[in-house]
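K.L.:
Input: one structure, supplied below.
The values are calculated or read from the model by the stated rules, or taken from the named source; none is laboratory data. If you're wondering where the values come from, they're calculated on a predicted model, not measured in any experiment. Note that each Cβ is placed from the backbone with ideal geometry, even for glycine, and that neighbours are counted across all protein chains shown. Only protein heavy atoms, including side chains, enter the accessible area calculation; ligands, DNA and RNA are left aside. Shrake-Rupley method; radii C 1.70, N 1.55, O 1.52, S 1.80 Å.
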Amino acid sequence: MARASTDEKIDDIQVEERIGIVEEGVGAGGESVHITENSPNHDGGRRSTIELAMDRRAALADVDNAEFSWFHAKVCVVAGVGFCTDAYDIFAINIASTMLGYVYGTNGELTANQDFGIKVATPVGTLVGQLFFGWVADLVGRKRMYGAELMIMVVATFGQALAGQGDAVSIIGALVVWRFIVSAGIGGDYPLSAIISSEFAATRIRGRMVTAVFASQGWGNFLAGLVAFIATVAFKDSILASPTNSPMIHVESVDAVWRLFVGIGCIPAVAALYFRLTIPETPRFTMDIEKNIQQARADIKVALTGKRSDSFDKNAAVVRLQAPEATWSDFLRYFSQWKNGKVLFGTSWSWFSLDIAFYGLNLNTTIIIQAIGFNVKAVPTSPLDIYENLRNICIGNMILAAAGLIPGYWMCFLFIDSWGRKPIQLMGFIVLTILFVILGFAYDKLTQDSTKVFVFLTCLANFFSNFGPNTTTFVIPGEVFPTRYRSTCHGISAASGKLGAIVAQVTFAQLRATNGGNKFIKHIFEIFALFMVTGVFSTLLLPATENETLEVLSGENQDTFIGGTSRPQHNHTVQA
């Protein structure tokens with residue numbers, strides 16, 4: 001016991017020597033006073049230094065050990081509604097492009113370049129949004145940006161629904177621009193929702209909280225098909241009554257359908273906007289970036305208990321600690337170490353390789369829909385053909401979402417905190433490798449003689465994408481980086497995934513078009529299998545994150561974190 005007591009005193013002295021403090025207050029004459037302290041001889045310095053370190057650890061412990069509360073549920077719902085909207089907008093374009101072909105296309109379809117432009121604008125815009133919002137959220141705060149990306153989505157969604165055709169600009173060109181803008185907002189939602197959920201979550205439920213947010217994508221995908229189906233059925237009589245002797249027989253009917261269908265997508269975003277704008281800043285950002293422990297402790301009490309701290313005085317002097325600053329030199333110093341750099345590479349490559357296959361599976365949507373009994377005519381010859389095509393596409397998309405995507409998300413939710421992120425991701429990549437090998441080398445036989453087996457294996461691939469790397473690649477980057485770079489690195493990882501989606505939509509679609517159409521798809525599946533193998537190896541670079549605090553996973557020594565990179569000098573600055 002005596003030895004323990006001595007060690008604790010030594011630790012306190014060492015902590016005191018490593019910590020610098022900045023005090024801000026109001027002078028006697030009302031002026032702003034900034035006092036920097038780094039000496040134990042400063043009046044109250046020794047006591048304040050030790051208390052500051054203890055306050056930070058106690059605040060982190062309050063968050064990490066908190067019971068699941070209404071506030072945690074609120075974070076999941078508010079972030080989840082946004083992600084539901086994201087998925088709605090992302091997957092809606094696949095259905096909307098078919099409708100656009102019936103309205104503005106030639107022979108009932110858009111040209112290859114028009115279809116490509118509308119669809120590729122989505123991942124390109126998302127990539128830009130992920131990088132930009134990820135970086136800015138580390139710079140100015142999660143709260144300041146949370147809601148901004150949602151407002152961009154709302155405005156751009158209205159812009160899509162109201163876009164018009166003119167002599168100076170085509171509606172397809174206008175939609176490409178609006179798709180890019182709305183997707184930039186969607187991209188911003190990735191790092192912001194993941195980081196806010198992760199930094200507010202208790203350690204033992206962190207995986208489930210972040211997964212619950214991401215799983216809302218499944219419902220957004222399903223709702224896109226459902227709303228499009230309802231809109232199509234609502235305009236059935238109008239579609240069937242269209243004249244059959246005009247090349248534009250469907251303008252007045254289908255044009256209204258796609259505008260209504262796309263425009264409805266902003267309603268959930270509007271509903272969630274107020275709650276996003278009023279959500280408090282995460283305590284980890286307040287402590288480690290703004291370096292205001294008192295404010296962080298007050299915010300934690302409000303979040304977890306719903307009660308404001310009576311002891312917190314906003315006009316009192318603010319004691320700020322010295323902690324590592326986010327600079328380019330510090331970024332390079334941190335990630336130049338293999339133990340840290342390999343983690344960023346692992347999260348980025350895993351997401352890249354997964355999204356190549358995940359978005360590449362969309363190349364087979366029409367084949368699958370026809371295989372399950374919902375025939376889609378390539379060239380409709382009557383208003384009835386148009387109506388049945390749209391109805392069948394909507395129903396087929398809902399079936400695919402319900403059969404593989406949604407169950408996969410929630411199976412992952414059940415096991416992510418008990419089994420762990422890394423084992424689930426490894427399992428997913430291995431199973432997907434096997435499935436793509438089968439789908440590739442047996443493609444001809446499956447599509448000709450065993451279409452039901454082909455559909456089952458494709459749904460299984462969707463299931464193990466979500467009960468596997470599609471979910472874990474979203475969760476892990478929100479856990480394994482320091483607070484000052486957490487959002488930036490999540491944005492980099494997510495943008496790597498969208499780069500994979502661009503590769504899938506551009507390269508594979510082109511290969512399919514120039515190498516025999518559906519006959520080349522079997523080789524695309526074989527390429528998918530190769531990328532899944534690389535995902536296995538990139539996953540091995542990642543740490544196990546379950547039951548570990550974010551500070552432990554950051555790879556930084558928390559005993560030397562405060563004052564670890566900068567030592568303020570004695571100075572007293574008085575601003576009149």
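K.L.:
Taking amide H atoms as placed 1.01 Å from N in the peptide plane, list the residues 5 or more away in sequence, or in a different chain, whose amide H sits under 5 Å from that of Asn292.
P.N.:
The list, which skips near neighbours in sequence, is Met287.
K.L.:
May I pose another question? Could you list which residues have their amide H under 5 Å from that of Thr282, counting only those 5 or more apart in sequence or on another chain, with H placed in the peptide plane?
P.N.:
Under 5 Å from the amide H of Thr282: Arg142, Lys143.
K.L.:
OK, next. Each residue of region 386-401 in turn: what ³J(HN,Hα) in whole Hz from Karplus with 6.51, -1.76, 1.60 and θ = phi - 60°, glycine and Pro shown as x?
P.N.:
So the J values, rounded to whole Hz, are 4, 4, 5, 4, 5, 4, 5, 4, 5, 5, x, 5, 5, 5, 5, 5.
K.L.:
Describe numerically, in nm with one decimal, the distance between label points set 7 Å from Cα along Cα→Cβ at Trp419 and at Ile230.
P.N.:
Label-label distance for Trp419 and Ile230, simple model: 3.4 nm.
K.L.:
For the full complex of protein chains and a 1.4 angstrom probe, list Ile196, Ile230 by accessible area with the highest value first. The partial results should precede the final answer.
P.N.:
Values: Ile196 5, Ile230 100 Å².
If we order Ile196, Ile230 from most to least accessible, we get Ile230, Ile196.
K.L.:
Around Phe68, which amide H atoms from residues at least 5 apart in sequence, or from another chain, sit under 5 Å from its own amide H, with H modelled in the peptide plane?
P.N.:
none
K.L.:
A follow-up question, please. Can you work out ³J(HN,Hα) from phi for every residue in region 429-434, in order, using Karplus 6.51 cos²θ - 1.76 cosθ + 1.60 and θ = phi - 60°, giving whole Hz and x for Gly and Pro?
P.N.:
5, 5, 5, 5, 4, 5
K.L.:
So how far, in whole Å, is the C-alpha centre of region 257-281 from the one of region 209-229?
P.N.:
About 14 Å separates the Cα centre of region 257-281 from the one of region 209-229.
K.L.:
Between Thr507 and Asp385, what FRET efficiency comes out of the Förster formula 1/(1 + (r/R0)^6) with R0 = 25 Å and r the beta carbon distance, rounded to 0.05? List each step's numbers first, then the result.
P.N.:
Working: r = 32 Å, r/R0 = 1.29.
My answer for the efficiency is 0.20.
K.L.:
Then there is this: Using protein chains only and a probe of 1.4 angstrom, how many square angstrom of Asp449 are accessible, to the nearest 10?
P.N.:
Around 110 Å² of this residue is reachable by solvent.
K.L.:
Can you list the lysines whose alpha carbon is less than 30 Å from that of Lys498, not counting same-chain residues fewer than 8 positions off?
P.N.:
Lys74, Lys119, Lys143, Lys339, Lys342, Lys422, Lys519, Lys522
K.L.:
Would you list which lysines come within 22 Å of Lys236, measuring only between C-alpha atoms, while excluding same-chain residues fewer than 8 positions from it?
P.N.:
List returned: Lys377.
K.L.:
Going by average Cβ neighbours within 10 Å, how do the peptides 54-61, 480-487, 350-357 rank, with the highest at the top?
P.N.:
350-357, 480-487, 54-61
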